[in-house]
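These notes concern the structure reproduced below.
The values are calculated or read from the model by the stated rules, or taken from the named source; none is laboratory data. Because the structure is a prediction, the values reported are computed rather than measured. Quick reminder, even Gly has a Cβ in these numbers, built from the backbone with ideal geometry, and neighbours come from all protein chains shown. For accessibility, only protein heavy atoms count, side chains too; no ligands or nucleic acids. Shrake-Rupley method; radii C 1.70, N 1.55, O 1.52, S 1.80 Å.
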Amino acid sequence: MNSKKWFATLVMSSMLVMPLNGITAEAASTTATGSYNLDFHTASYTEKTATLDGKTIKYRAYEKIVYVKHPVDTQYEIMNIYVPEQYYEGQSIGSYNADNAPIFFPNAIGGYMPAEPDSPGQGMGGGDNAALIALANGYVVASPGARGRTATTGKAPAAIVDLKAAVRYLRYNDSVMPGDADKIISNGTSAGGALSALLGASGNNADYEPYLTELGAADAKDDIFAVSSYTPITNLDQANDAYEWQFNGINTYSKLEISTDTDYHIQRKTVQGTLTADQIQVSNDLSAMFPAYLNSLNLKDADGNALTLNSDGTGSFRDYIQSLVIASAQRALDNGTDLSDKSWITISNGKVTDVNYDQYLAYLGRMKTPGAFDALDLSAGENQLFGTATTDTKHFTQYAQDHSTVEGSSMADAQTIKLMNPMNYISTSGTDTAPNWRIRFGTKDSDTSTAVSAMLALDLQNKGYNVDYALPWDVPHSGDYDLGELFTWMAGVAGGSTVNATVPVADQSTTTGGMNMGGGMTGKAGAPDDSGTDNTSAPSGTSTTTGSTTSPSSNTSTAPISATTTATAGKATVKINSKTATLASYNIAGSHYVTADDLATALQATDKAFTVAADSATGSISLTSTTASSVSTSNTTSSNPTRSAKASTAKASVTVDGKQVQVTAYTIQGTTYLKLRDLAQALDVNLSWQSVTRQLNIDTTTGYSAEQ
Ligand code: DHB
């Protein structure tokens, strides 16, 4: 999109007075008749700032914009749009500017539940979320909310219709909004990953038109440029069969049940069980049906070899999935991961030569019982997704309907089932499928069969789309855990230079712990979640702490932001003298805080090894140089931050070899955490940050340097 008129519009529209809730003054008068104005109002924003590793990001926030003329639910059919402030000053960020910046389109949908739009801040696992990192890297961020299955108005296909309507809003307003609506990059995890994929697969297809017309969606196209999809829980009408094809013969399961206690606190507990004889029969039936479907797809590997399954479930498609697991293990090994405890992996001369696939599956473990998505008793979340306003739950596979244990059960209508499956739309006539795809599914994810993401990726690849598909090693059901790689990929497809912003590393995992749809949600959005898994942790108002006085390159420790603040948990992925390790850490205002003990453990095999003596009575922490220990237990940390916590400023008297040093300290849940950069300076080790790979490097062989 060339030469925008948005700047001129800004000057003009700033003369109008408009409320900030997305309803324009003009529209407010028509709200009584249920009509919202779909024009983007450049002047209806609030100015916000966020701090990333000591750097201030200024941006304009346009929040809660109703993106359809006739919304059904204004809690969810809204979008938050964020624009870097530099774009209003005619500046560029990297190679992006107000005209050409791609639009990052992250949804926060989990469990097919209703979801509010996301905003820049902390991710669930601690650390900065994708929206904030996108802003720092010059993307315009547009996060859509969408209706979900628990509302009578949120049944399928509501959520995909909503996402399409949000895309249409952006395309409709392209000439007046910063960013390029021809470069929309969608991102989502799990159900959100499924909807991200469906959005990309089905661009402009007329099947959705009646629903979009009913909502009063903007008159514009809804195809997008790129899809990022983590663990897509998709292809739902085949997912029962795929699950049993994978797990048939594994008769024990471990599922997470979510309930609410008498105080309305969400309780999560893992329930172990063994399949009954009836369930084993269902598993046998379902798994026997999968090869015919798989073979009907005519999938091929990158060399053009057919990927098929024999009726007993063996065959080249299974071998292909095994090869993906082997490739994943190889990457882990190359990155220094210790795989020696996995007896089912054969390693010879640094090469993973085999993975015993059955033993790998046993290690992975079954999470769901047969009828994993279309449950015979209608208890799965997906049954509720396919319900209607009058019938809360329905079947969506013939087998489950035929074997239903619920009297009077009914099937969802065929068109609704079709509308929810991206496999029905890829490259079909009248459809503009997104050209670029990045799909990730962890090797420790058993929320759906690996076959589901593999079939999606292969079908796209076979039809000529640009697909980056991989199984990250040992990653459970989660998303946004590799944002450095995601943003590098995005810059690659969108033709931009990556990342000129410095962002802190942290475990970005939004692990949902293998959430069972029966209970509810991923905790990312929508429904209340007081589990403390960080989605409540972002300080309100501005997305992260404003006015931070923490300077990343300062040589002395600086005053903490306030007496108490929120620390977000994360495990920083670090390289210590080029060896990968993890370091338990908290993130406060963009800086990492660790315990002295954990850092001592991490550095014990290096030339900067030290011991720690702490006196809790006086608050003194003495670090004493010692010789390197040959036993490396660099992955063992004594502290285990798992969730956000209150952090109070602490007075720690820290000495290194008897000499007093300045180290900023916080007390978090009774433990003293020290600023990693201050410790690096005090110990004279080099600490650097690679923004592209989001990798924190500690190099003990070179001295401290203030520069990042
Ligand atoms: C999600 C998880 C599931 O196991 C499922 O069946 C559907 C959605 C989720 O985390 O979004």
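Here is how the numbers come out for the structure above:
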{"quantity": "Matching residues, the range 227-246, being open to solvent by 10 Å² or more (accessible area, probe 1.4 Å) and of a type in the set (Phe, Trp, Tyr)", "calculated": "Trp245"}
{"quantity": "Filtered residue count, the range 413-444, keeping only those that are among the hydrophobic types (A, V, I, L, M, F, W, C) and within 18 Å of Tyr211 (Cα to Cα)", "calculated": "4"}
{"quantity": "Wholly enclosed strands (runs of 3 or more DSSP E) of the range 561-655 bearing at least 2 residues in contact with a Pro (Cβ under 9 Å, 6 or more places away or on another chain) and either at pLDDT 70 or above or among the aromatic types (Phe, Trp, Tyr) (or both)", "calculated": "579-588, 591-594, 645-650"}
{"quantity": "Within the range 338-360, considering residues that are touching a residue at least 24 places away in the same chain (Cβ under 8 Å) and of a type in the set (A, V, I, L, M, F, W, C), the one nearest to the ligand (Cβ to nearest atom)", "calculated": "Val355"}
{"quantity": "When residues of the range 403-450 are limited to those that are assigned to a strand (DSSP E or B) and assigned by TED's automatic domain parsing to the domain that holds Thr231, the one farthest from Tyr230 (Cα to Cα)", "calculated": "Asn436"}
{"quantity": "Filter pass, Leu52 being closer than 25 Å to Glu116 by Cβ and either at pLDDT below 95 or in the same structural domain as Asn173 (by TED's automatic domain parsing) (or both)", "calculated": "yes"}
{"quantity": "Whichever residue in the range 42-75 is aromatic (Phe, Trp, Tyr) and either farther than 30 Å from Asp219 by Cβ or assigned to a loop (DSSP other than H, G, I, E, B) (or both) and, among such residues, is farthest from the chain's Cα centre (by Cα)", "calculated": "Tyr45"}
{"quantity": "Any chance Phe247 is within 16 Å of the ligand (Cβ to nearest atom) and more than 29 Å from Leu483 (Cα to Cα)", "calculated": "yes"}
{"quantity": "Residues of the range 216-239 classified as of a type in the set (A, V, I, L, M, F, W, C) and under 20 Å from the mean Cα position of the chain (by Cα), total", "calculated": "5"}
{"quantity": "Qualifying residue in the range 419-441 (condition: surrounded by fewer than 20 Cβ atoms within 10 Å (Cβ to Cβ) and basic (Lys, Arg))", "calculated": "no"}
{"quantity": "Selection count where residues are open to solvent by less than 20 Å² (accessible area, probe 1.4 Å), away from the ligand (no atom under 12 Å from the Cβ) and closer than 17 Å to Met113 by Cβ, scope the range 361-404", "calculated": "2"}
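Results for (1) over 18 Å from Ala470 (Cβ atoms); (2) surrounded by 13 or more Cβ atoms within 10 Å (Cβ to Cβ), shown as yes or no for each residue.
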residue: Asn284; (1), (2): yes, yes
residue: Ser287; (1), (2): yes, yes
residue: Ala292; (1), (2): yes, no
residue: Ser311; (1), (2): yes, no
residue: Gly315; (1), (2): yes, yes
residue: Leu324; (1), (2): no, yes
